[in-house]
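Here the structure is laid out as structure tokens; the discussion comes afterwards.
Quick note: the coordinates plus some simple rules give every number you see, no bench work behind them. Quick caveat: nothing in here was measured; it's all calculated off a predicted structure.
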């Protein structure tokens, strides 16, 4: 709590002594990228909506997760990104192309992160102090397998009287993107669990857990979730 409070005070005091706060506004489409053996080339459009030019740099990271869902990144050159460094004038659009270097025959989806980072450069001096924010955008990029199997397995485990652990295991071969879930009970007059919003990727053969606060005696039997843009109801396995 003190840490958050100190940051808030520092930010407010900083704004009081800075006459201008500036950030280039970059519009990127699409925000999720994919390649496959049948589609080996893709494009991304970056538009500079601000009044100043931006110097932008591209980089690629191999994206993996531990069995419990902790993200792990390392530099990769599996995919060609061009141009790797470019100047984007104000109110202009740049087309970025990305392509597989070699044919792929993977049975599991490969995941990467494309980083689009604004590089600091000399700015025109203005009267007073100016605070600039540099943009750093991370886009998921997936190389799809030849055959797609989407399969998430939900389970629930009682930890104590007021806490349960909800777990989603990805037993398919493509990533699962979850943005909402809601626990359901088979008791007609039972309490209704509120919907929980999230922003979670679970890569193949990995899992992600949530700690749920509430009465552990409630018999939750199913879960309603939104995964990869589709709403579905799934059975809950009790551990």
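Below, the figures for the structure above:
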read-out	value
Tail beyond 23 Å, pair distance distribution of the stretch 152-238 (Cα, percent)	18
Stretchable slack from residue 91 to residue 216, in nm (0.36 nm times residue separation minus alpha-carbon distance)	39.5 nm
Counting all C-alpha pairs of the stretch 22-143, share separated by more than 26 Å (%)	29
